[in-house]
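The values are calculated or read from the model by the stated rules, or taken from the named source; none is laboratory data. If you're wondering where the values come from, they're calculated on a predicted model, not measured in any experiment. Reconstructed Cβ throughout: ideal geometry from the backbone, glycine too, with neighbour counts over all protein chains shown.
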């Protein structure tokens, strides 16, 4: 499959930030952030997809603070999102900042509004490269930011974020984190970050290293994602073009490893409902929907007592793909509709796609 099943939405500016609206469980919503070099031109687009009639409705908001590198959304409050953005400080320098913003309750298609900043962060003492700000899965007052070689836990219950705790990565040549994410299991007390080719997971209560996977990839790790249905499984992807799934209790070897892309893999996402489905996005301009059925929580579906009633597992590997014309930095599942996903290429082209019906029926029936 190429784009036969996809709906296309084009932006005026380049873009590399895409996020599902996690707390919106009724409608299919995605947020896009632009990267215009003229910082006052930057925007956030709220895209709503109507699956029944395959149409897109959008609301556009100003993000005049700067070019957006990352968007995350609150899993508890549909009105809240966090951006990491680059601001031109003067003629010769830029600086990264992060903020929590609020989407307005009412839609006004005739007027492009500025998003209200709910929470400001003073990150100057922690470094210059803010990779992500991640909302805590079940505590609305906590977020974690990944900045240079630091993970900072913040209290965001007031307008100015207050640092609660920080974890610092130490080593030769001043290694830095590339990204980070909360572990949704273990009572949400762990935060995992990638640095170079390694994963490091910290217990936020004690500040200790809870577990790590060294040399998970041969080259830089770009992204990670947890399986919501299997508490010890985490997926990684990176510049070696591999996608791997790890059981972090046995970190020596991955339980799943594929390299179907021909360039760096920037994003990996488990389907929240059917975790044998995995999305990956790469700078080879392709988005792959793959099967990891052999290690999924549904991998025992062929073990019925009556073997005549059993059905074969999906085999591991690519199931369908979307072609873009530029590097794809993000691909995301819809939290409200498990068969819909979105992908965003750097040329500002959003594709909203569906899992093929034949695959859907194979999984469902």
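Scanning the stretch 140-154 for residues that are closer than 12 Å to residue 121 by Cβ and not in a strand (DSSP E or B) returns no hits. Checked against (1) more than 12 Å from residue 17 (Cβ to Cβ); (2) part of a strand (DSSP E or B); (3) at pLDDT below 95, residue 99 passes all but a single condition, namely (3). Out of the residues in the stretch 230-255 that are out of contact with any strand residue (DSSP E or B) (no Cβ under 8 Å at 6 or more places or on another chain) and within 14 Å of residue 296 (Cβ to Cβ), state the one that is surrounded by the most Cβ atoms within 10 Å (Cβ to Cβ). The extreme case among them is 230. Annotation note: Cβ proximity below 6 Å between a residue of the stretch 348-365 that is on the phi > 0 side of the Ramachandran plot and modelled with pLDDT of 90 or more and a residue that is surrounded by 15 or more Cβ atoms within 10 Å (Cβ to Cβ) and part of a loop (DSSP other than H, G, I, E, B) (sequence gap 6+ or interchain) occurs for 348/11; 348/13; 348/14.
When the stretch 178-206 is filtered for residues that are more than 22 Å from residue 232 (Cβ to Cβ) and either surrounded by fewer than 19 Cβ atoms within 10 Å (Cβ to Cβ) or in contact with a strand residue (DSSP E or B) (Cβ under 7 Å, 6 or more places away or on another chain) (or both), only 178 remains. If we scan the stretch 256-273, do we find a residue that is in contact with a helix residue (DSSP H, G or I) (Cβ under 9 Å, 6 or more places away or on another chain), buried (at least 22 other Cβ atoms within 10 Å of the Cβ) and closer than 23 Å to residue 19 by Cα? No: zero hits.
Residues of the stretch 6-16 include at least one that is within 24 Å of residue 144 (Cβ to Cβ) and touching a strand residue (DSSP E or B) at 6+ places or on another chain (Cβ under 9 Å). Using the structure shown, decide if residue 322 is crowded, with 20+ Cβ neighbours inside 10 Å and at pLDDT below 95. So residue 322 fits the description; yes.
The residue pairs whose first member lies in the stretch 320-331 and is free of Cβ contacts under 8 Å to residues at least 60 places away in the same chain and on the phi > 0 side of the Ramachandran plot, whose second member is surrounded by fewer than 23 Cβ atoms within 10 Å (Cβ to Cβ) and assigned to a strand (DSSP E or B), and whose beta carbons are closer than 6 Å, counting only pairs six or more residues apart or on different chains, do not exist in this structure.
The set of residues in the stretch 169-194 being free of Cβ contacts under 8 Å to residues at least 40 places away in the same chain and either farther than 23 Å from residue 231 by Cβ or more than 21 Å from the chain's Cα centre (by Cα) (or both) consists of 169, 170, 171, 172, 173, 174, 175. Here residue 226 meets each of (1) at pLDDT 95 or above; (2) under 28 Å from residue 276 (Cα atoms); (3) over 16 Å from the mean Cα position of the chain (by Cα) with one exception, condition (3). The set of residues in the stretch 50-74 that are closer than 15 Å to residue 349 by Cα and either touching a residue at least 60 places away in the same chain (Cβ under 8 Å) or buried (at least 21 other Cβ atoms within 10 Å of the Cβ) (or both) contains only 56. The residues of the stretch 138-147 that are buried (at least 19 other Cβ atoms within 10 Å of the Cβ) and touching a residue at least 24 places away in the same chain (Cβ under 8 Å), listed by number, are 143, 144, 145, 146, 147.
Among the residues of the stretch 138-159, is any under 19 Å from the mean Cα position of the chain (by Cα), under 16 Å from residue 32 (Cα atoms) and modelled with pLDDT of 95 or more? Checking the stretch 138-159: not a single residue is under 19 Å from the mean Cα position of the chain (by Cα), under 16 Å from residue 32 (Cα atoms) and modelled with pLDDT of 95 or more. Looking at 279, 224, just one residue is in contact with a strand residue (DSSP E or B) (Cβ under 7 Å, 6 or more places away or on another chain) and in contact (Cβ under 8 Å) with a residue 60 or more places away in the chain, and that residue is 279.
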